[in-house]
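One structure is given below, encoded as structure tokens.
The values are calculated or read from the model by the stated rules, or taken from the named source; none is laboratory data. Just so it is clear, the model here is predicted, and its values are computed rather than measured. Cβ: placed from backbone, ideal geometry, glycine included. Neighbour counts: every protein chain shown. Protein only, heavy atoms only, side chains kept; ligands, DNA and RNA dropped before computing areas. Shrake-Rupley method; radii C 1.70, N 1.55, O 1.52, S 1.80 Å.
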Amino acid sequence: MAAPPAALVSKVKKHFIGIPAPLGYVAGVGRGATGFTTRSDIGPARDANDVSDDRHAPPTKKKKKDEEEDDDEDLNDSNYDEFSGYGGSLFSKDPYDKDDEEADMIYEEIDKRMDEKRKEYREKRLKEELEKYRQERPKIQQQFSDLKRGLTMVSEDEWRNIPEVGDARNRKQRNPRAEKFTPLPDTVLSRSLGGESTSSIDSASGLMSQYPHGTVTPGMLTPSGDLDLRKMGQARNTLMNVKLNQVSDSVEGQTVVDPKGYLTDLHSMIPTYGGDINDIKKARLLLKSVRETNPNHPPAWIASARLEEVTGKIQAARNVIMKGCEDNPKSEDLWLEAARLQPPETAKAVIAQAVRHIPTSVRIWIKAADLESETKGKRKVYRKALEHIPNSVRLWKAAIELEDPEDARILLSRAVECCPTSVDLWLALARLETYENARKVLNKARENIPTDRQIWTTAAKLEEANGNINMVEKIIDRAISSLSANGVEINREQWIKEAIEAEKCGSVKTCQALIKAIIGYGIEDEDRKHTWMEDADSCASQLAYECARAIFSHSLAAFPSKKSIWLRAAYFEKNHGTRDSLETLLQKAVAHCPKSEVLWLMGAKSKWLAGDVPAARGILSLAFQANPNSEEIWLAAVKLESENSEFDRARRLLSKARASAPTPRVMMKSAKLEWCLNNLDTALQILEEALVKFPDYAKLWLMKGQIEEQQGDVDRAHETFNSALKKCPSSIPLWIWLARLDEKRKMLTKARSVLEKGRLKNPHNPELWLEAIRIEFRAGMRDIANTMMAKALQECPNAGILWSEAIFLEPRPQRKTKSVDALKKCEHDVNVLLAVSKLFWSERKLQKCREWFNRTVKIDPDFGDAWAYFYRFEVLHGTEEAQLDIKKRCIAAEPHHGEAWCIVSKNIDNWRLTTENVLMLVAKDLPIPI
């Protein structure tokens with residue numbers, strides 16, 4: 001053949017020739033070829049540990065050279081580590097003698113010893129990991145073991161009726177009688193579309209298999225111009241889907257499976273017991289041995305059944321427990337356990353057997369009633385039970401609870417005949433009877449049970465409820481004497497509890513009679529007062545106010561001249577009683593203790609708060625007669641007159657007081673009254689007279705300096721404060737006022753020296769440190785203020801006012817850490833708690849802020865700043881109910897302390913403001929924490 005023309009031969013070289021194949025490339029895989037492996041791919045059949053074949057090894061000289069190179073590589077810098085040294089052996093060429101062998105043995109023993117110490121921990125950890133792994137990934141055999149055991153219960157007929165697995169086509173092939181259908185091929189349809197028209201089908205073509213007589217399928221060969229094979233295919237697929245859905249939903253076909261719940265069902269088949277299988281086997285063998293050794297021991301059968309239940313073999317547990325019931329038909333524990341393990345319907349049959357074997361078991365009858373779903377069935381069971389066990393109180397109670405009141409009364413009348421020693425049944429019958437019949441029932445109950453106190457107390461309550469008050473005390477006294485005669489121990493605690501219960505039921509006279517009868521029983525004379533006060537506090541804490549009132553009444557009758565008891569009773573009436581009860585008590589108190597100023601003042605204040613000023617004056621006049629020249633009564637009278645704008649009367653009273661009882665407080669109150677009325681010269685004159693008599697009373701000096709500063713005479717005020725500090729160097733307010741006065745005069749250095757001198761005179765004083773820090777802060781010296789704060793906390797590590805200030809001196813990110821340190825040092829300091837509350841407020845954690853405010857006002861209700869901040873917080877973030885609640889609690893607490901509080905309350909312009917007004921003013925000017 002001639003060679004092809006040169007123009008037909010491509011001289012361009014393929015781009016992939018001579019280039020290595022890509023990574024993972026397998027030749028021919030694209031066209032379906034599969035690779036195979038030969039010995040050349042995997043190498044000779046030799047293990048890695050076999051002795052090497054030296055037939056193809058290089059000469060010996062070359063080996064020695066390589067070894068030397070290896071030694072050099074072992075000893076070079078690249079093979080050196082600071083911790084483990086060189087990678088190779090440095091002494092491989094040296095001889096291995098006995099010393100080396102002995103050293104290696106010693107090191108080996110040390111390693112073994114160290115390994116034994118860790119062995120127990122390592123084995124324990126390995127065991128825990130293995131158990132955890134087995135719980136997370138149980139074997140398939142464990143998952144389906146319960147199902148496999150269930151196959152032992154399948155009968156031969158059930159095995160035969162199990163449906164065959166497979167699709168509908170195979171099932172029809174197995175059933176030759178089923179109707180067959182052979183669809184027409186597409187070639188026939190195509191011929192009809194091509195214009196061929198036939199009225200019959202050739203029998204040789206095989207298309208007449210469905211119709212043996214040669215008839216044609218109607219409508220299949222009719223030529224049609226709009227016949228669409230695509231639509232026919234879609235219709236065929238739709239029909240196929242319908243058939244498959246019918247087969248899948250058929251019980252005779254495949255099993256119906258919920259695809260969403262299938263994995264959940266599989267998970268439920270996993271055994272819930274997570275212990276070791278070997279432990280279960282050992283326990284099963286041990287319990288089997290116990291049962292065989294002593295088959296009449298019910299706990300062994302119960303333990304065996306519960307073991308099977310825990311491991312998931314509920315049917316085995318039922319079999320075991322039923323076998324135990326057969327061997328021990330008189331054990332109610334076994335029957336109850338068997339009923340618990342069985343389903344409800346089967347449990348009824350089990351309980352029926354138990355009743356036949358043990359007809360006198362109360363627990364079995366109650367279990368039988370519990371298994372009944374309707375009340376009518378329960379009643380039948382209980383009545384049947386009472387026929388067998390008529391003296392069971394538990395059965396009578398359970399049966400009576402299901403009845404109507406009228407039927408219950410009939411049953412109770414029968415119950416007390418069968419169980420005459422049951423107090424509860426007697427009392428229940430008495431409650432359902434009329435008054436006359438109830439008295440008869442209780443009398444019968446006392447005859448049958450002469451040693452129970454509840455019958456007596458119930459009788460007393462019955463008499464009180466029907467208006468026979470005189471009989472209550474007689475019944476209680478008779479009860480104590482009767483019970484004592486019958487050898488019953490009279491326990492004060494139990495009788496006081498009975499009185500508290502009587503009060504909660506509304507039987508006030510009964511509780512008072514009980515307290516009166518029992519309060520002094522078994523107590524020594526010298527312990528009476530202390531014990532009775534404890535009893536009263538205990539009753540008040542349990543909200544049993546009538547009992548506490550009865551205890552106070554008895555105590556005051558026994559100790560009429562004890563001022564402390566009168567005071568505690570008065571405070572009790574003030575907190576828990578009415579104004580009338582308080583005034584009645586105080587009238588009795590001042591009659592028995594006329595020298596007690598507090599009782600007189602409480603009575604006068606009660607009248608004044610009620611708006612009865614003349615009555616308050618009358619009480620104070622009587623108090624003057626009983627306590628002449630008493631400072632407290634003088635000042636109370638002055639306050640009463642000044643608060644009611646009777647200033648002339650107040651001046652006359654103070655003048656008399658200065659003449660008859662010239663005390664520093666009387667002088668101070670006299671000057672303050674004139675100061676409040678803006679008579680500054682008169683106030684200064686009184687103060688100068690007072691300072692002549694009482695030069696070491698710091699408040700007089702402080703008032704004098706403040707009045708002079710108010711008049712604008714700063715130099716004179718400065719001189720007054722300097723003179724005051726010579727007389728009263730331990731008065732902290734004087735040092736602070738002098739420093740503030742120097743600060744107002746723009747003498748910052750002088751103010752610093754004053755505070756430093758005050759700290760030298762009064763070391764470890766946090767107020768002076770705090771004022772020095774604030775002066776620096778107000779002057780803009782923040783760094784100096786922080787340094788001084790550190791020194792102050794070193795000198796006063798437990799000062800709450802310093803820690804509260806230090807929290808807000810820190811930048812915002814460090815405040816929380818500082819607050820934690822403050823709480824560690826001053827856990828119960830109100831200043832620190834208030835600072836933490838404000839910190840939560842600044843972070844807008846409102847719920848936590850509210851909780852900390854509540855904690856603060858509970859620890860110290862006299863701290864006014866906490867109430868003001870709390871009220872301000874609720875105004876901004878709370879409800880009106882919360883605001884009213886805080887206002888009410890603050891008025892009840894009457895706070896007097898707190899820096900912001902005292903600035904407003906001690907301002908001379910606010911001297912007549914009430915607690916509520918002061919709270920509103922202080923809260924209004926408080927800054928919001930940021």
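Put the Cα centre of region 736-788 next to the Cα centre of region 529-558 and the gap is 53 Å.
For region 353-359, putting each phi into the Karplus relation 6.51 cos²θ - 1.76 cosθ + 1.60 with θ = phi - 60° gives couplings of 4, 4, 5, 5, 7, 10, x Hz, in residue order, rounded to whole numbers and with x for Gly and Pro. Extending 7 Å from Cα along the Cβ direction at residue 917 and again at residue 652 yields two label points whose distance is 2.6 nm.
Note on residue 142 and residue 435: their simple-model spin labels are 7.5 nm apart, each label 7 Å out from Cα toward Cβ. Taken one residue at a time, the phi angles of region 722-739 give Karplus couplings (6.51, -1.76, 1.60, θ = phi - 60°) of 5, 5, 5, 5, 5, 7, 10, x, 9, 8, 5, x, 5, 4, 5, 5, 5, 5 Hz. Gly and Pro are set to x. Given their separation in residues at 0.36 nm each and the Cα-Cα distance between them, residue 98 and residue 782 gain 238.5 nm when the chain is fully extended. Given their separation in residues at 0.36 nm each and the Cα-Cα distance between them, residue 845 and residue 561 gain 96.8 nm when the chain is fully extended.
Placing R0 at 41 angstrom, the Cβ-Cβ distance between residue 118 and residue 282 gives a FRET efficiency of 0.90 after rounding to 0.05. Measuring only protein heavy atoms, the 1.4 Å probe finds residue 404 accessible over about 90 Å². Computed from backbone phi, the HN-Hα couplings of region 705-710 come to x, 5, 5, 5, 5, 5 Hz, rounded to whole numbers (Karplus: 6.51 cos²θ - 1.76 cosθ + 1.60, θ = phi - 60°; Gly and Pro given as x).
Using a 7 Å offset from Cα along Cα-Cβ at residue 902, what residues in region 735-762 end up with backbone N under 14 Å from the label point? Within reach of a label on residue 902, which here means backbone N under 14 Å from a point 7 Å along Cα→Cβ, region 735-762 contributes 735-738. With both labels modelled 7 Å from their Cα along Cα-to-Cβ, the residue 809 to residue 880 distance reads 4.4 nm.
Note on residue 894 and residue 357: with the Förster distance fixed at 60 Å, the Cβ-Cβ geometry gives a FRET efficiency of about 0.20.
Within the straight-line cut-off of under 28 Å between alpha carbons, the lysines reachable from residue 98 are 112, sequence neighbours fewer than 8 places apart in one chain being disregarded.
Taken as Cα centroids, region 106-130 and region 392-430 sit 70 Å apart, rounded to the nearest whole angstrom. Projecting the alpha carbon convex hull of region 364-480 along each direction and taking the average yields 7.6 nm². The slack in the chain from residue 659 to residue 451, taken as 0.36 nm per residue of separation less the alpha-carbon distance, amounts to 67.8 nm. Taking amide H atoms as placed 1.01 Å from N in the peptide plane, the amide H of residue 897 lies under 5 Å from those of 864, each 5 or more residues away in sequence or on another chain.
Between residue 327 and residue 401, the FRET efficiency estimated from the beta carbon spacing at R0 = 35 angstrom works out to 0.45. Ordering 571-577, 430-436 by mean Cβ neighbour count within 10 Å, with the highest value first, yields 571-577, 430-436.
Using a cut-off of 18 Å between alpha-carbon atoms, which lysines can reach residue 440, once sequence neighbours fewer than 8 places away in the same chain are excluded? Filter leaves 461, 474.
Lys-Lys pairs in region 290-391 that are eight or more residues apart or on separate chains and whose Cα atoms lie under 13 Å of each other come to 4. Highest mean first, the peptides 326-333, 288-295 sorted by other C-beta atoms within 10 Å per residue fall in the order 326-333, 288-295.
Projected onto the charge dipole of region 541-652 (+1 at Lys/Arg Cβ, -1 at Asp/Glu Cβ, origin at the Cα centre), which of 630, 585, 556 gives the Cα projection farthest towards the positive end? Sorting the options by dipole projection puts first 556. Pairs spanning more than 32 Å between alpha-carbon atoms, out of 563/888; 529/595; 605/858; 672/761; 750/845: 750/845.
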